[in-house]
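Please treat every number below as a calculation from the coordinates, not as lab data. Since this is a predicted model, take the numbers as computed values, not measurements. No Cβ is skipped: glycine too gets one built from the backbone with ideal geometry, and neighbour counts run over all protein chains shown.
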Amino acid sequence: MQSLLKEIRQCQVCLPELEHGVNPVLSASPHSKIVIIGQAPGMAVHKSGVPWQDKSGDRLREWLGVSEEQFYNPEIFAIIPMGFCYPGKGKSGDLPPRKECAPLWHQLIWQHLTEAKLTLLIGSYAQSYYLSDNRKKTLTETVKNFEEYLPSYLPLPHPSPRNNIWLKKNPWFLEEVIPYLRKEIEMVT
């Protein structure tokens, strides 16, 4: 696994298209119990090289009910985005994750994640890739019907502050899904 992670961190497949250069950001261990499949690093994470080290990460750790120490322990959490590098800025936020990363690397990573017990699919890109035709018409419907995807996957919205409106419109998420999520995290950790 260490040689694979090293190879991924040296990947330059998208270099010509990435305005800010490449800096693949991920974390994993063959012993990871929980796999977080997110979107792509934002600019702050691109600069620091530390996954989820931003406001979205703060909210995600709050949802999970874990400390930074637990979250950044690869023996507990594998952090694997759909796109490993910052894709750049778009009109209404960051661009979508690069499409090259997941097909190129995810299957190889999964070959090493033999102790994974729970996979969190954060956001529509991860849900689209992993749930394919089994996802619902909207992210809201997919997350609301999270039990249909268990035990393999637990779909979640992105924890970005940009999703505050979504959270206010969908109070059931914090009332139903988060308690379930925390219970699962406690059982695994």
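Computed values, structure above
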read-out	value
Protection proxy ranking of 139-151, 112-124 - average other beta-carbon atoms within 10 Å, highest first	112-124, 139-151
Alpha-carbon spread of the chain, three principal axes, descending order, Å	43, 39, 33
³J(HN,Hα), Karplus 6.51/-1.76/1.60, whole Hz, each residue of the stretch 172-185, x for Gly, Pro	4, 4, 6, 7, 10, 6, 4, x, 4, 4, 4, 4, 5, 5
Percent RCO, i.e. relative contact order, over the chain, from Cα pairs under 8 Å lying at least 6 residues apart	26 percent
The chain - share of DSSP beta bridges that are antiparallel (%, nearest 5)	20 percent
When each of K55/K168; K55/K137; K137/K168; K6/K47 is checked by Cα-Cα distance, pairs over 22 Å	K55/K137
Theoretical ellipticity at 222 nm over the chain - DSSP helices of four or more residues, -39500 (n - 2.57) apiece, nearest 500	-8500 deg cm²/dmol
Within straight-line cross-link reach of K183, lysines at Cα separation under 20 Å, skipping those fewer than 8 residues along the same chain	K33, K117, K144
Cα gyration tensor of the stretch 104-189 - equivalent ellipsoid semi-axes, whole Å, descending	22, 16, 12
Cα pair distances in the stretch 2-98, grouped into 5 Å bins until the bin that holds the longest one, percent each	3, 14, 23, 26, 18, 11, 5, 1
